[in-house]
Every structure is written in C-alpha cells, then in structure tokens.
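**Student:** One structure, pasted below without further comment.
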Amino acid sequence: MNKQESGLKISNLKVKTAGKEILKGVSLKINPGEIHALMGRNGSGKSTLSYTIMGHPKYEISEGQIEFNGRNINDVSPDERAKMGLALSFQYPVAIPGVTVLNFLKTTLKAVLDREIPIKELKAMLKESMAKLEIKDEFLSRYVNDGFSGGEKKKLEILHLTLLKPKLAILDETDSGLDIDALKVVASGISALNEAGSAVLLITHYQRILNYVSPQFVHIFENGQITQTGTKELALQLEEFGYEHFAHNATKEVNYVS
Amino acid sequence: MSAELKPLDNLSQMGLDYKYGFSDVEDYIFKSGRGLTPEIVSKISAMKNEPQWMLDFRLKALEMFYKKPMPNWGNTKLLNEIDFANIFYYIKPSQKQGTNWDDVPEGIKNTFDRLGIPEAERKFLAGVTAQYESEVVYHSIREDLEKLGVVFLDMDSGLRLYEDIVKKYFATVIPANDNKFASLNSAVWSGGSFVYVPKGVKVDIPLQAYFRINAENMGQFERTLIIADEGSFVHYIEGCTAPVYSTDSLHSAVVELIALPNSHIRYTTIQNWSKNVYNLVTKRAYAYENAKVEWVDGNLGSKLTMKYPAIYLMGENARGEVLSIAFAGEDQHQDAGAKMVHVASNTSSLVVSKSISKNGGRTSYRGLVKIHEDAKNVKSSVKCDALLLDDMSRSDTYPTMEVEETDVTVEHEATVSKVGEEQLFYLMSRGLTADEATSMIVNGFFEPFTKELPLEYAVELNRLIKLEMEGSVG
C-alpha cells in the first residue's frame, strides 16, 4: 500500500448531532504507529470526534471526510470500521448483563479475525496483557462491565484493544476517574498497545497521563476545532497556563505532518 | 452520517423461521369427528378401557366445560376466536406403543428423528416418552431406575397399572372445575406422563417427554402427574412442536406435581409450538414440608400462551421457584407468570420472569403471591424484566399480592427496557454486526434462565435465538 494513503486522515470535518453543530472543521492526520494526544475541556467536542471516527449513528457528518487507509469511511458501519482496524476505548463503557467477558472477547475477536479462536488459545493470548494490567482470571467469567468499578472498566477496554490489535486505537478519556495506581497500570497498557504496532489517539483533558505515555504530537481542542498543535511541550504549557490562555491565543496550526 | 445501526430492519425475520413446521401425511388408526360431544368422551374412555370412575369423571368435567365461561381476562379477543366445534379432540396414530424406536411406525419415527429425540435419549436422558397427537407412541426408561422402582409411563398406562396411586392423586391438585380449560382437559385428556419416584431415590439425569401435534385443527390434551415420594429427586423436561398451518390448533394440558416431604422436583418446559397453536395450560404443584419445587418455563412459540405455573407451599420450610422466559414475535402473545401460595410458615418463594417482545409481539407477566393467615416468617421475591426490541412491541405486568399475615417479607421488582443504542454501538464498534450484537444482548438477558438448563438445551436455545436473530432460513 502507498505509504501516504495509510493511517487516518480527517479533512475539514463538520459534524452535527440533534441539529447542533459540534465539530466545526477538524483536520487531523495520524500515521501508522504515531501517538497523538488531543486535549480539550469538557464539552469542547472531543468525545464527538471519537464517536464520529468510530461511526456512531447519532452523529451526522455535514461536511468533510474521514479517510482510513486511503478509503473514505464516512458511510461505513461501526463493525466494518472495527474490521478495518479502528477501535475505540469508551469513556463510559456500557454493561452487557449476562454476557461474560470471555464470551465477549471471544465473539468479537472471531468477528474481527473472521476465524474461530479456541478458548485455550484465547487465554494464552490474554495471559501477558492480563498480568500487565493486573487482571485476575475470575475477571473473565464476570458479566461485561456489570458492576465494574471505573478502573475495571478501563482495564477491560485496554485489554480488549490489546487483543484486537487495531491499526488505530482511539482512547476517549481513558485516564478519567482513575486513581494514580490504576492510571499507571492503564498507561503502561497503552504504551504496550503502541509498541505492538497500534497508532494511538489519546483524548484527555488532563496532562497527567502524558507523564506515562509519550505522544509525538499534542493538539489543543477548543469549541469543535483543533486550535493548536505542537509537541509534548505544548501539554506542559497547557498545564501551566490553562485552557483559557490558549483559547484566547489561538495560533496558527503547526505543520506536523512530515 | 448514515452508518447502519438499525437492528429492527435486520431483525425483521426473527421468530419467522420455524424449522419444526413440517407435517406428515395423516395415517391414523382413529380420528374423532370435529367438535365435542358426550359420545366422543365416552368413546375415548372406551377405547382406553378405562375404569368407570374415570369415565364418570370425564363426563362430569365435560358438563363443567360447557357451563364455564371463557376467562374474562388475559387475551379475551384471541380466546373468543377459538372455534371449539372445529377441533379434533382425539386422534390415535398407531395401534401400540413402542419401547424400541424400531417398533414406532416409520413416518412417526422419522419425525422424532428430525426433532433429535432418539439422539438426545442416547446422549443424556434417563427416560423418554414421545407423544404424537393424542397418544404416546414411544416410551423407555433406564433399566437401573426401573429396578429402583421409578415409574415413568404415559398417563393411560399409569392409570391401568397403578390405578390406586392415580386414583389417590389425580385431579387433587387441579380439580376439573378449576377453569374452563382444566375442565376441557379433564373431559378429553389423553397421553401425558405418569411419574412416581420412590422414597429416597434420586434420578440423577433428566426424564424427558416430547409432544408433537401433526394434524391441522388438532386438540392435544395431555395430562401429567408427577409424585416425588419423601426425600426423592426428579428432573422432568418437556418439549413441544407442531407444523405450521393457516388455521389453529389447541394444546391444553394439565400438569400436577406432588412433592412429598424433603423431596425435590424440577420441571423444565421448552415450549416451541408453531404460531398457529393456542397453548392454554394449567400447571400446579403441592410442596410439602421441606420440599422444593422448581418450574423452569421457556415459552418461545405459540399464538397465544396463557400459563401460570403455581406452587402451593403446604408444609413448613417448603421452597418454590419459578424461572421463566417468554419470547413474543409478530402475532404472538405470551401471557405467562407464576402463582405462589404460602399456606405454611417458614416457606419461601422466588419468581424470576424475563420476556422479550419484538415486531409487535406482546408479553405479559401475570402473577399472584398469596400468603395465608398464620403463615409466619414467609419470604417471597418476584422479579420481572422485560426487554423490548422495537417501538411496536408491548409488555405489561399484572402482579397481585394477597397478604393476610404481617410477619412476612415480600419483594416485587419490575423493569422494562429497550435494547439501547449505546449497547449496540459498543458491541458493533468491536466488530459485531447489528444482528450479532442484538443476539448477544438477548442471550445475555436470558442467561439466568439458560444457565439452569442442561447444557444441550442451553446450546440449542442459544442457537435458536441466534438463528432467529440472523433471519436466516432454517
């Protein structure tokens, strides 16, 4: 495949939901293997961007396009996007009562790989990442996100993404609601995901996770747009001066695409 | 954006594919005319060589049936559409009953082969009866159980061989005048199972009865009586199917369970009638001191089901459980529930009811918890969950509580939910199609029921649900 065509390319994306425009012209390119952090305040439209990339039907694209590996995916269903190598770690993963974690992992992996994975093989595949994420075996027989703590939900998201090996993992506020110990564990899971070959779009409104995951690019997101792009330094400045400072000093976009 | 996330379009086929809808050419020893008269009742009794008391019982019940009004609750519209004059009340398919499948007439044997019964029998059942139209055509029981004194027969043979026991218990739990359909069954009953488990005997693997209607406008009225003597255990499973016809058939069973002190009866039903069958069944159990009765009741098929398995907790420390699921697709109404009657102190009951409606299907939970005066320290818990797959479908809950005592703990919880867009999106974003995602949610919803089934049935039930969700032709 032509190198220029691989990865995610979002061009001038405008998105509405319930008649209201949330994304107001987002452009973003993520090459294979890169880590990007997208930082913004609550309500700035970060989650809308992640849902739209994954294909949530509630969000309507009114202008612009999303290309993945050279294909316009504006009208592609979420399951097809998953099969193409996109995955989203949810900010608020929903419970599926009565469905065990093991069954959930097995069924989705089969769908994505189009191949039945024997339980034994699946457990072997999970073993290392479960240890790294400090997940016990009993976890597999619990019902998906049913009665899970915030930390357990996020661990399951990372475990699942590690198993699916997406080309691009979108992590929507994966760090929110975690105590410092859980944050470290989840962050090392994210790094491992990247080391295994996934590009990462890390959506957050705190700088603290960037102490453990190192992005090549940091974007500041404000009112449905990327207002500034830089390196990790930008996140540190953001920490020091706050979003307000950047909101009033929106500068030209830095050309980060090599 | 126009990414697809519309389960309803893709699921429109669910419940329409019924792989048991085939029928056999009719080749019968005897088929009554349409309609019901005292002559037909007498003829049924005579063909079975019954004792006089049973004929008297039948004729008296027939009068009750004529006199009793239709229930004025439930789905009265559909009930009043039943044309009693158009039904065949008795069909005898073969001359004798086989204890070996090779003795069963070829056509009928092939039918049960297609339904997988002989295979299931070989794999995991302790005994089988197979009823075709009005009569049991095959029956067997594991030899070691027979030696222990376990009786597993069709009801007619039970009456012939164990008349004393039958006379002692028959219609004591459900009298002929209980309701219009119990009266009807009492008048024209044929087939069903008679089970007696002696003191202290535990039947470790299930006994199964399989009911098949073949003829159009057939009325099947099996009668089952299970007696678990002190300290015994038995698990009885029944399954049922019928061909798809454009006009209706009627299935109206009466099932009586007697759990003597310290015994345990589990009765599992997987009802999968075709969608032209009225399924109007009366099921009731008496649980004596320290006994336990469980109804595990799955309702997938039929046009209209009205069925409320009941447990009368007659002795101290008796325990009753009803665990039921109902699935209603287009043109189906599952009006099901449970009745728990606490007669004695220190008794407890649990009802868990789960229903799914789609394509305009309708489910109702109708339940009664009754606690008699002086029944102290009683605990009862009822939990009903309904899941709607679309906006056209309907679910209602009609709980009744009659509590005549203060020293009781009674809980009732009911929820109605819809398959959420967020659940679907979550599963689809991990690679499942809308149909696969919905069937995963449905299977999860039914899981508390499925996990109580023997593995083979659980697998079959999940497969059935998946098949129906995918809308593929079976």
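The values are calculated or read from the model by the stated rules, or taken from the named source; none is laboratory data. Please read these numbers as outputs of a predicted model, since none were measured by experiment. All Cβ positions, even for glycine, are placed from backbone atoms using ideal geometry, and neighbour counts span all protein chains on display. In case anyone asks, the SASA skips ligands and DNA or RNA and just uses the protein heavy atoms, side chains included. Shrake-Rupley method; radii C 1.70, N 1.55, O 1.52, S 1.80 Å.
**Student:** Has the range B:414-421 got at least one residue that is out of contact with any strand residue (DSSP E or B) (no Cβ under 9 Å at 6 or more places or on another chain) and modelled with pLDDT under 90?
**Tutor:** Yes, some residue in the range B:414-421 is out of contact with any strand residue (DSSP E or B) (no Cβ under 9 Å at 6 or more places or on another chain) and modelled with pLDDT under 90.
**Student:** List the pairs whose first member sits in the range A:84-104 and is under 27 Å from A:Lys120 (Cβ atoms), whose second member is open to solvent by less than 10 Å² (accessible area, probe 1.4 Å) and among the acidic types (Asp, Glu), and whose Cβ atoms are under 7 Å apart, counting only residues at least 6 apart or on separate chains?
**Tutor:** Correct list of pairs: A:Ser89/A:Glu157; A:Ser89/A:Asp172; A:Pro93/A:Glu157.
**Student:** Could you count how many residues in the range B:317-347 are out of contact with any Leu (no Cβ under 9 Å at 6 or more places or on another chain) and closer than 21 Å to B:Glu411 by Cβ?
**Tutor:** 6
**Student:** Right, here's the next one. Restricting the search to the range A:65-84, which residues are more than 7 Å from every other protein chain (Cβ to nearest Cβ), part of a loop (DSSP other than H, G, I, E, B) and open to solvent by 10 Å² or more (accessible area, probe 1.4 Å)?
**Tutor:** Hits for the range A:65-84 are A:Asn69, A:Gly70.
**Student:** Would you list the strands (runs of 3 or more DSSP E) that sit entirely within the range A:91-210 and hold 2 or more residues that are open to solvent by less than 10 Å² (accessible area, probe 1.4 Å) and within 14 Å of another protein chain (Cβ to nearest Cβ)?
**Tutor:** Because the criterion is at least 2 residues that are open to solvent by less than 10 Å² (accessible area, probe 1.4 Å) and within 14 Å of another protein chain (Cβ to nearest Cβ), the strands (runs of 3 or more DSSP E) in the range A:91-210 that meet it are A:96-100, A:168-172.
**Student:** OK, next. Tally up the residues in the range B:442-451 that are in contact (Cβ under 8 Å) with a residue 40 or more places away in the chain and surrounded by 17 or more Cβ atoms within 10 Å (Cβ to Cβ), please.
**Tutor:** Selection size over the range B:442-451: 4.
**Student:** Now for a separate question. Is it the case that the range B:189-197 has a residue that's more than 30 Å from B:Leu79 (Cβ to Cβ), out of contact with any Phe, Trp or Tyr (no Cβ under 6 Å at 6 or more places or on another chain) and in contact (Cβ under 8 Å) with a residue 60 or more places away in the chain?
**Tutor:** Yes: one or more hits.
**Student:** Quick one: which residue in B:Lys283, B:Lys275, B:Lys199 is among the charged types (D, E, K, R), in a loop (DSSP other than H, G, I, E, B) and closer than 23 Å to B:Ser157 by Cα?
**Tutor:** B:Lys199
Results for (1) farther than 20 Å from B:Val25 by Cα; (2) β-branched (Val, Ile, Thr); (3) crowded, with 19+ Cβ neighbours inside 10 Å, shown as yes or no for each residue.
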site	(1), (2), (3)
B:Asp83	yes, no, no
B:Tyr90	no, no, yes
B:Pro93	no, no, yes
B:Lys96	no, no, no
B:Thr99	yes, yes, no
B:Asp102	no, no, no
B:Gly107	no, no, no
B:Phe112	no, no, yes
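**Student:** Exactly one of (1) within 14 Å of chain A (Cβ to nearest Cβ); (2) open to solvent by 60 Å² or more (accessible area, probe 1.4 Å); (3) basic (Lys, Arg) is unmet by B:Arg394. Its number?
**Tutor:** Every listed condition holds for B:Arg394 apart from (1).
**Student:** Return the pairs, sorted by first residue and then second, in which the second residue is open to solvent by 100 Å² or more (accessible area, probe 1.4 Å) and assigned to a helix (DSSP H, G or I), the first residue lies in the range B:141-165 and is closer than 14 Å to B:Ala228 by Cα and in contact (Cβ under 8 Å) with a residue 60 or more places away in the chain, the beta carbons are less than 6 Å apart, and the residues are 6+ apart or on different chains.
**Tutor:** none
**Student:** Here is a follow-up. Please enumerate the residues belonging to the range B:403-436 that are facing chain A (nearest Cβ under 8 Å) and among the hydrophobic types (A, V, I, L, M, F, W, C).
**Tutor:** Once the filter is applied, which keeps residues that are facing chain A (nearest Cβ under 8 Å) and among the hydrophobic types (A, V, I, L, M, F, W, C), the range B:403-436 yields B:Phe425, B:Leu427, B:Met428, B:Leu432, B:Ala434.
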